Each structure stands twice: as C-alpha cells, then as structure tokens.
C-alpha cells in the first residue's frame, strides 16, 4: 500500500529533528519576554551588570534544558498506537490509539522550510485547548508517512481517485488585495504601535525625545497633515501585507471527512475541520466591506486547537455576497438553502433599547467633559452620535429565521454577522426578560453552542417580540414533540 | 415557554441564603469598625465611617432581608423526560431549556451552610454550559441527580 520500509522505520523510537531545540528555545524566550517584559526593562534600568548575569544564567540553563528535553523526547508507532515518551525531570509516556485521532495538521514556518521540516499537530476529541501531541520538527517524509499510517482508512487507488475529483478553491491575488485593503487593520496597528511606544518611551534618552518633540511641534501644520496621511497609507499597506502573509494561497478543499484548509505565505498552515465538529457557520461583514458587498465565512467548531489567532476558523477570507450561496452549497451542503433567508425583524419598540444601551457610556463621558473641558466636548459628542447610529443599525440588522431544524439569525456588534445552526447543535436555550421588557412584551434569547474550549460559544438576540421568543422556545423544546429520526440521520450523511 | 416551571426549591433556602449574606455583611461591618478605630487613632473625621455604617444597614436590608425572599419567590424548576426547565432572576427573569440529550453530567454539591439545613445544590452540565439548581432538600437533590442521569443516558445522538 505504501512504503513498507517507512512503516518499519517508524516503529523504532524516533527523535525529533535537532531544529526542534531551536524552536523550544525560541518559544521559551518569547514567552519569557512577553511575561516579564516590563520587569526586564526595569531590571535593565536598575543595573546592566545584574541584568546580563541573569541573562547569561538563564540562556545557559535554557540551552541545557532544551538539549536534554530533545534527547528524552521520542516517538514511535507501535501496532495501532502512537507512543510518545518525554520529560527531563518527570518522565511522561503518552500512548494514543490511532482510532482516537481526529486530525493531524502539518504546518511549516520559514525555518521549517529551510530544513524541509514540518510541525505535526495531532488532535483527539479531548476538549483541552492545546494540541494533544505536538511534534515541533519532523522531516517532511516522516511526517507524511506518520500521517498515512495513523490515518489510513482507504486504499491508494481510492485516494488517487479522490485526488482527481477534488473540489477546491483558492483565493485570487486580486481578492486577497481587496481583503487586505478592507481589513481595517490600520487601526489595530496604530493601537499596537502606541502600546509599544508607551512601553519603550522610558528607554529613549530624554534629550533625543525632547528634540524630536520640539522638531515636530515646530513643523508647519501642512507638513504634519502630510506626514500623518503618509503614515496612514503606510499602515494601510502594512495591513494589506499582513493579510497577504496570513491568507496568501488560501485554499479550501472538500474531503470525505472534513474541510481541508491550507493558508499562509511565509508560514504554511494546514488544518482539517471534520464535518461533524462544525457547530455553526457564520457570514461576517464589516462596515468597510458592506458597501462593496464582500463577506467572510467562518465556522464555529467544537474542541481542539486550530489557530491561536483566530477563535473561529475562517472558511474563506473574502467572498462576494452573490457567491456565498454556491460556496455553502458546495462545501457545506448540510447548510444549503439557509443562506440569505428572509429574516423576522425586531419590533420597533426595541430600537430604543438598542440606542440607549449604546449611548449610555459615551454620555457618561460627555457629562464631566461638558463641565470640566467644554472646549473638547465635541469629541464625546461625536462618540454619542456614532454609537447612537450603531445602535440604530444593530436594531435594523438583528433578526432570526426558523427553517425546519435550522435556526438562522443575524446580529451586529460592529460587524454584521449571520449565523446558521441547527436544533441538535444548540446545547441550551435561554429566554431572558427584565422588568421593562415585560411591560412592553419584549424578551431576549441566548443560545449556547459548543466552542473551542470548555466554555462554549454563546449568542444572544435582544428585544424580540415575546411571543416570538416563546415560539422559538417551543421549536427548541423537546417536550411533546414527535421525533423525526429519518431527517436527523439523513442529515449526517455526506458523500 | 409561556408557563413557568411547576416546582419550587426548598423553603429553607431563604434561611441558608440569609446566613451566607449575613456572613459577608458582618465582614463589611468589621471593616467599618476598623475605619472608626482608624479615625480615632489618626484623628480624622468620623463622617465617612458613619456614612459607611448607614450604607451597611442598607446593604444588610437588601442582601439579608429582601434579595433571598425575592430570589426564592422567582426560583422554579421542572424536570420533564426530555428536558429540564429552569426559571430564575430577580430583575432580569431568565428561563432556560436544557434538553436531556445534551446533558453531560450532573453534580450535587453541599457547603457547610446548606448541610446544616440538609440542602444541596444540583448542577447540570452540558458541553457548553453549566446550570445550578440551588438548595434542594438532600433527598430531592440526589433523586433528581439520579433521575437526570438515567434520563440523559437514554438517548444518544451525535453532537
């Protein structure tokens, strides 16, 4: 079936590639800097000497530790099990049956590519956040063999046939560019730069800082405007570059057991999302993309580790509204017919709640501002106006639709999000109603789905008509209803 | 979800909650006392401490007298064969439906105060949420726990 020699080879205990020492080294350094960043800077200011002594001891200790943990870490395949032994002080053995393995992801960053290595992440159904097994540096050929042995359920011919008739889609460069330029990441970058700057400000020599400050003050207004526009353009370009690096070569592929996604320009990430772990599918539209009609499709997936940066794995970074229906029909046939449904909207009375809830906080800022700095009160005033408009839009965009066993709903925080889920995926349903809502015959609802970690994913729809919430409750209620086993089992068959 | 659930929790819950609240409030009063002592030693005005004292009386009235009563009045639950129905909340009333097939496990829990009144808390966990039914009579709580766990075991369906 496949290379017997490789199977034999994998049966012996294997060490990771020595490069894994480098990875663990870098990881610990990175975590330490993130963890004690401020502390380090303070020590640096206290005494350079002690700082370096500490640094040298730390680095030597770390190198020794990295070497030993590399020496101790072995993996092998024995029978139906993947066996891992590790630990310097406390020795750990972990045996994982291949039947329990849900998915195996291979990722590669720049250094991996240099040595032709990959990072193998193996996941079982457990709910813990991290990957069950993480082999940080494995030779490409070994990794592929490992994956074939642990996941081989079908013969080679079958695999080949499947490879030929693969349904897949790659994002075009043009799309990627649009995605980057509408990502709105400039704002995020500005915040990040400001945070970093406020941290390192103290390290910059006072004179230099003052000189620069005076220099800027003395420039003419025109120049300042030009510089800030230029800075914004640069940040915008950074945003595009960031998106390109993250989602470059984004490819989604429909496979027998799940959706296979590969993305990343510098660091290739691969992940498989098993169909039965998808709890909901969402379509998200940011205000910047709304006028152009572009959206992003994501999935709410139960358990396991996918990506540290995205809570909900992106199924496609940028689609036009017109393409969403066919995309869902192709890749997630279970959800077909639920995209862009006519929604039942929120009663008009509810609008007041949406607007008031948004406006309260800015008004609390506005009042002291009016008293103490009346000349600046236009800033909170604009805030009040903007959040009022946002509240208005939130009311306008919220809605729901019951379609058989499907529950589709839409809400807006800043982004407009349309979510499709089914009755059997909703873990609990909640109707909440405060005193004023009761007077007006309104009610809110909460649904809980499985999420990345044990805490789940929770969605709320506010200020619906009370009878409608009761209706949804009755739809969800398992009481007094006759079960329809045929429909349910059918829905789980994918070709 | 129009009708409220039928069963109330144990009447003794009010007493148990009152004792728990009294403990917290008495900690607050100890702090107030300390502030009087400080004001005496360091010779600054007593008015802050007096204010805190009156606030303490108000909090005591709300948390010891009012809230347990209202909370008890609102708390209701009902166990059906297919689902659990819970109602709670004073200002914001919440009604929750948890299908039996979504229940993962059921725990009963008993702190020192609840134990004195022979009460226990039942907490019901799904894969995404946890719901507590506070203060049931011990025998009711364990019966409920057993019942839910048998009912939950009946049907197995994919998540």
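The values are calculated or read from the model by the stated rules, or taken from the named source; none is laboratory data. Just so we're clear, the structure is a prediction, and the values are computed from it rather than from any experiment. All Cβ positions, even for glycine, are placed from backbone atoms using ideal geometry, and neighbour counts span all protein chains on display.
Here are B:39, B:16, B:10, B:20: which of them is in a loop (DSSP other than H, G, I, E, B) and either in contact with a strand residue (DSSP E or B) (Cβ under 6 Å, 6 or more places away or on another chain) or surrounded by 16 or more Cβ atoms within 10 Å (Cβ to Cβ) (or both)?
Values: B:39 fails: in a loop (DSSP other than H, G, I, E, B); B:16 fails: in a loop (DSSP other than H, G, I, E, B); B:20 fails: in a loop (DSSP other than H, G, I, E, B).
None of the others qualify; the one that does is B:10.
Given (1) without any contact (Cβ under 8 Å) to a residue 40 or more places away in the chain; (2) outside any helix (DSSP H, G or I); (3) more than 9 Å from every other protein chain (Cβ to nearest Cβ); (4) over 27 Å from the mean Cα position of the chain (by Cα), where does residue A:463 come up short, assuming only one miss?
It is condition (1) that residue A:463 fails.
Quick check: is even one residue across region A:290-302 at pLDDT below 85 and either part of a loop (DSSP other than H, G, I, E, B) or out of contact with any helix residue (DSSP H, G or I) (no Cβ under 8 Å at 6 or more places or on another chain) (or both)? Give the steps one after another, and end with the answer.
As a first pass, look at region A:290-302 and keep what is at pLDDT below 85: A:302.
After this cut, where a residue has to be either part of a loop (DSSP other than H, G, I, E, B) or out of contact with any helix residue (DSSP H, G or I) (no Cβ under 8 Å at 6 or more places or on another chain) (or both) as well, the list is A:302.
Yes: region A:290-302 contains one or more residues that are at pLDDT below 85 and either part of a loop (DSSP other than H, G, I, E, B) or out of contact with any helix residue (DSSP H, G or I) (no Cβ under 8 Å at 6 or more places or on another chain) (or both).
Is it true that some residue in region B:27-40 is in contact with a helix residue (DSSP H, G or I) (Cβ under 8 Å, 6 or more places away or on another chain), away from chain A (no Cβ under 14 Å) and within 30 Å of residue B:147 (Cα to Cα)?
So far as region B:27-40 goes, no, none of its residues is in contact with a helix residue (DSSP H, G or I) (Cβ under 8 Å, 6 or more places away or on another chain), away from chain A (no Cβ under 14 Å) and within 30 Å of residue B:147 (Cα to Cα).
Taking residue A:42 as meeting all but one of (1) over 27 Å from the mean Cα position of the chain (by Cα); (2) outside any strand (DSSP E or B); (3) at pLDDT 80 or above, write down the number of the exception.
(3)
Conditions (1) at the interface with another protein chain (Cβ under 9 Å from one of its Cβ atoms); (2) loosely packed, with under 14 Cβ neighbours inside 10 Å; (3) in a strand (DSSP E or B), marked per residue:
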{"residue": "B:85", "(1), (2), (3)": "yes, no, yes"}
{"residue": "B:108", "(1), (2), (3)": "no, no, yes"}
{"residue": "B:115", "(1), (2), (3)": "no, yes, no"}
{"residue": "B:123", "(1), (2), (3)": "no, no, yes"}
{"residue": "B:128", "(1), (2), (3)": "yes, no, no"}
{"residue": "B:136", "(1), (2), (3)": "no, no, yes"}
{"residue": "B:142", "(1), (2), (3)": "no, no, no"}
{"residue": "B:150", "(1), (2), (3)": "no, yes, no"}
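In this structure, does residue B:90 turn out to be surrounded by fewer than 18 Cβ atoms within 10 Å (Cβ to Cβ) and within 14 Å of chain A (Cβ to nearest Cβ)? Explain how you work it out, then say what you get.
Details: surrounded by fewer than 18 Cβ atoms within 10 Å (Cβ to Cβ): yes; within 14 Å of chain A (Cβ to nearest Cβ): yes.
It is true that residue B:90 is surrounded by fewer than 18 Cβ atoms within 10 Å (Cβ to Cβ) and within 14 Å of chain A (Cβ to nearest Cβ).
Going by what's in this entry, would residue A:68 be described as touching a helix residue (DSSP H, G or I) at 6+ places or on another chain (Cβ under 9 Å), within 22 Å of residue A:30 (Cβ to Cβ) and surrounded by fewer than 15 Cβ atoms within 10 Å (Cβ to Cβ)?
Details: touching a helix residue (DSSP H, G or I) at 6+ places or on another chain (Cβ under 9 Å): no; within 22 Å of residue A:30 (Cβ to Cβ): yes; surrounded by fewer than 15 Cβ atoms within 10 Å (Cβ to Cβ): yes.
The answer is no for residue A:68.
Could you check how many residues of region A:270-289 are farther than 26 Å from residue A:256 by Cα and in a strand (DSSP E or B)?
Residues of region A:270-289 farther than 26 Å from residue A:256 by Cα: A:284-289.
Okay, now just the ones that are also in a strand (DSSP E or B), so A:284-285.
Residues meeting the conditions: 2.
Suppose we filter region A:317-342 for residues that are outside any helix (DSSP H, G or I) and crowded, with 17+ Cβ neighbours inside 10 Å; how many remain? So that I can check it myself, show each step before the final result.
Just the residues of region A:317-342 that are outside any helix (DSSP H, G or I), to begin with: A:317-320, A:332, A:336-342.
Now drop any that are not crowded, with 17+ Cβ neighbours inside 10 Å, which leaves A:317-319, A:332, A:338-339, A:341.
Residues flagged as outside any helix (DSSP H, G or I) and crowded, with 17+ Cβ neighbours inside 10 Å within region A:317-342 amount to 7.
From A:410, A:437, grab the single residue that is within 20 Å of residue A:464 (Cβ to Cβ) and modelled with pLDDT of 95 or more.
Details: A:437 fails: modelled with pLDDT of 95 or more.
Result: A:410 is the single residue among A:410, A:437 that is within 20 Å of residue A:464 (Cβ to Cβ) and modelled with pLDDT of 95 or more.
Exactly one of these conditions fails for residue A:222: (1) assigned to a strand (DSSP E or B); (2) without any contact (Cβ under 8 Å) to a residue 24 or more places away in the chain. Give me its number.
(1)
Assess whether residue A:190 counts as being in a helix (DSSP H, G or I), at pLDDT 75 or above and surrounded by 12 or more Cβ atoms within 10 Å (Cβ to Cβ). Working first, answer last.
On the way: in a helix (DSSP H, G or I): yes; at pLDDT 75 or above: no; surrounded by 12 or more Cβ atoms within 10 Å (Cβ to Cβ): yes.
Spelling it out, it is not the case that residue A:190 is in a helix (DSSP H, G or I), at pLDDT 75 or above and surrounded by 12 or more Cβ atoms within 10 Å (Cβ to Cβ).
Go through B:64, B:98 for me and flag whichever is more than 14 Å from chain A (Cβ to nearest Cβ) and at pLDDT 90 or above. Explain how you work it out, then say what you get.
Details: B:98 fails: more than 14 Å from chain A (Cβ to nearest Cβ).
Residue meeting the stated conditions: B:64.
Would you kindly identify the strands (runs of 3 or more DSSP E) lying entirely within region A:375-459 that contain at least 2 residues that are within 30 Å of residue A:362 (Cβ to Cβ) and away from chain B (no Cβ under 11 Å)? Give the derivation first.
Values: elements: A:399-403, A:406-412, A:416-422, A:428-434, A:442-449.
It comes to A:399-403, A:406-412, A:416-422.
Mind listing whichever residues of region A:84-124 are assigned to a loop (DSSP other than H, G, I, E, B) and in contact with a helix residue (DSSP H, G or I) (Cβ under 8 Å, 6 or more places away or on another chain)?
Within region A:84-124, the subset assigned to a loop (DSSP other than H, G, I, E, B) is A:87-91, A:109, A:116.
A:87, A:88, A:91, A:116 - these are the residues of region A:84-124 that are assigned to a loop (DSSP other than H, G, I, E, B) and in contact with a helix residue (DSSP H, G or I) (Cβ under 8 Å, 6 or more places away or on another chain).
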